[in-house]
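Shown next, in structure tokens, is the structure this report addresses.
The values are calculated or read from the model by the stated rules, or taken from the named source; none is laboratory data. For clarity, every value in this text was computed on a predicted model and none was experimentally measured. So basically every Cβ, Gly included, is an ideal-geometry build from the backbone, and we count neighbours across all protein chains shown.
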Amino acid sequence: MPGSSKNTGESKVDLRQFLFKFRGLTPVPIVLLVLVFARPTVSSFLGGLFLMLMGEMIRFWGVAYAGGATRTRNVGANILVTNGPFAYVRNPLYIGNMFIYSGAAIISNTWLPWLILIIWIFFGIQYHLIVKLEEEKLQELFGNSYWEYKKKVPRFLPQLHPLKSETPVEPDFKNTLKSEKSTFLSMLVILLLMSGKMLLNSR
């Protein structure tokens, strides 16, 4: 039908924008479902906690360089950050998130390893769509500079040797503590709820 390809394209863009705008809320249904069936143990709690802390360290490092733009609901950036964790991989925050989600799954000690597989497939598709949208906007904003950066730094699989940035930015760890408060709180709530489940199951 005439115009059907256009509508499909618009729907795709709308989906990417929706996922970007509500990227902080999409994990909630999975978390709530897992909490109902969680059977955490001391070993699963400690193992999962290690992964969650590792993920938050990656996030914290990335936010320190990228700044408050990581919390916005509008696609874009004020500057092109190419040093810090962004010298190794273009999307360190999403990698950090995957570690956090995987750690929470391990703590729950339920439906493993299928739960981790579901998480990686679900968020892998979501982040792929979001990143494509972000890349289009960054290309529009920074032109050849972003094109060159994209050629030298991988999207999700970190490289061993960092890119030598021509325009490095200074990390702001103090403001990162404020910016990451919601992530800290979310992790704390999950850990407290899992601890409660563990105590109930031990009775």
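Out of the range 138-157, which residues are in a loop (DSSP other than H, G, I, E, B) and within 13 Å of Thr82 (Cα to Cα)? So that I can check it myself, show each step before the final result.
Step one: filter the range 138-157 for residues in a loop (DSSP other than H, G, I, E, B), giving 143, 153-157.
Once the filter is applied, which keeps residues that are in a loop (DSSP other than H, G, I, E, B) and within 13 Å of Thr82 (Cα to Cα), the range 138-157 yields Val153, Pro154, Arg155.
Okay, residues lined up against (1) at pLDDT 85 or above; (2) over 25 Å from Gly76 (Cβ atoms):
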{"site": "Pro2", "(1), (2)": "no, yes"}
{"site": "Lys6", "(1), (2)": "no, no"}
{"site": "Glu10", "(1), (2)": "no, no"}
{"site": "Val13", "(1), (2)": "no, no"}
{"site": "Arg16", "(1), (2)": "yes, no"}
{"site": "Pro27", "(1), (2)": "yes, no"}
{"site": "Leu32", "(1), (2)": "yes, yes"}
{"site": "Phe37", "(1), (2)": "yes, yes"}
{"site": "Pro40", "(1), (2)": "yes, yes"}
So, first residue in contact (Cβ under 8 Å) with a residue 12 or more places away in the chain and over 18 Å from Met98 (Cα atoms) in the range 147-159, second residue of a type in the set (Lys, Arg) and not in a helix (DSSP H, G or I), Cβ within less than 8 Å, six or more apart or across chains; the pairs are Tyr149/Arg90; Lys150/Arg90; Val153/Arg90
Residue ID - surrounded by the fewest Cβ atoms within 10 Å (Cβ to Cβ), chosen from residues in the range 74-97 that are over 13 Å from the mean Cα position of the chain (by Cα) and part of a helix (DSSP H, G or I):
Gly84
Exactly one condition in (1) at negative phi; (2) buried (at least 18 other Cβ atoms within 10 Å of the Cβ); (3) in a helix (DSSP H, G or I) is false for Gly67; which is it?
(1)
Report yes if Ile100 is without any contact (Cβ under 8 Å) to a residue 24 or more places away in the chain, assigned to a helix (DSSP H, G or I), touching a helix residue (DSSP H, G or I) at 6+ places or on another chain (Cβ under 9 Å) and of a type in the set (Val, Ile, Thr), otherwise no.
no
Would you please name the residue that is surrounded by the most Cβ atoms within 10 Å (Cβ to Cβ), looking only at residues in the range 108-126 that are more than 16 Å from the chain's Cα centre (by Cα) and touching a residue at least 60 places away in the same chain (Cβ under 8 Å)?
Ser108
